[in-house]
């Protein structure tokens, strides 16, 4: 296949992936990650006109450190709960004798060399991710790319942050220039003068494109965060962001399902700082849990997205600005998301054994199995978008599995050697207990009869002995004569 056909195949595949991506996650934000050589211009663009850029991360790493870290685990995606996800037990014993089989949950990465597209497939679900490789710089000799995926897959609950001990944080200057606009160009040495003295290196940028028309940008609102789906996350910004903010008090109360918590990510805090003759913030943002606990109160700019998680299902965000009029700073931009899967109800003939934030274990009652798998136990995983990887069907009464086929002799022999399930249940549940109760009654009657006969015989012996004593003159038994 020549280069022209490869490019046509690649662009056709990429267009179809992008179209499906936009239809599926039209209401959700999109995350874009880019890697370029330090001398390349980075063009950040949100495809929708109403979408705005929010810089999440931006790093510079020298080529020497980049090549060294590339061979280590610094850039390997890991989860906070590897041990939990790797210990998944599936109840597969046909006789339900308590034997569990250990299976592993893993993520596979498949590279399509012909098209230059890399797809990441999770064994629990399929993740829509597009990766575009661009021409790199001759100075760096590295692979430059742009990849995008839905924001729900960027949940940090299961992903450990990459270790960047030798990298330089470029987020403050990049956020000042690009956050809050629809498109932005950034050239390191021109837009950040200190970088002129740096050695050749790699620039990695991660940003979100969020729909500003769906963001909450009015004060004093109550936001109900959905348990899952596009409405399970969103953005809040102060009025006038990113051009100015107004001196006033804005409150937003967020509430989720009682089984969930809420995570707040402060993406941009640009407020009036503490003056030379001031000892505290004049304008500040604070986050308060519904139990009254203060999670944050600050006016400082955040170098990296600051994540706060509530301990309850509700919290309040307050931006209190005492400055008069419109203050010439950007204001506050934050992202919110509900965390955790809502527990699915157990079937009528089953029960919930155990669950935590990642897995839930269900069981059917004795002699009952799930209708779809014909197994007594089921394990569910909680996805990063607050969805379980399956449902809980009805528990049905277990029946003898009949082999359908041409082997009629084998089927006939099974019928002759195995009792029907209903008859076996009748024997275990009715006949045996009835026999035991009858045996107890007979045994008790026999014991009572023996006691009765013993007491009657003893009474007759005493009467005979008493009648043999002679009478005296008064007609009374004489004790002396009896001796």
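Comparing Cα centroids, segment 160-215 and segment 234-258 end up 24 angstrom apart.
Taking a ≥ b ≥ c as the square roots of the Cα gyration tensor eigenvalues, with a/c under 1.5 meaning rounded and otherwise prolate when a/b beats b/c, else oblate, which class fits segment 215-340?
Working: a/c = 2.11, a/b = 1.72, b/c = 1.23.
The shape class here is prolate.
Our estimate of slack between residue 306 and residue 251, defined as 0.36 nm per intervening residue step minus the Cα-Cα distance, is 17.9 nm. The label point for residue 326 and the one for residue 365, both projected 7 Å from the Cα toward the Cβ, are 6.8 nm apart.
Inter-label distance, residue 355 to residue 318: 3.4 nm, where each label sits 7 Å from its Cα along the C-beta direction. In this structure, residue 396 and residue 444 have a Cβ-Cβ separation that, at R0 = 60 Å, corresponds to a calculated FRET efficiency of about 0.90.
Here the calculated FRET efficiency for residue 389 and residue 451, from their Cβ-Cβ distance with R0 = 60 Å, stands at 0.35, rounded to the nearest 0.05. Among 170, 435, a tally of other beta-carbon atoms within 10 Å of each Cβ gives an order, fewest to most, of 435, 170.
Between residue 374 and residue 437, what's the calculated FRET efficiency when r is the beta-carbon distance and R0 is 45 Å? Round to 0.05.
0.80
Every number here is computed from the coordinates shown, using simple stated rules; none is lab data. From a predicted model like this one, the values you see are computed outputs, not experimental measurements. Cβ: placed from backbone, ideal geometry, glycine included. Neighbour counts: every protein chain shown.
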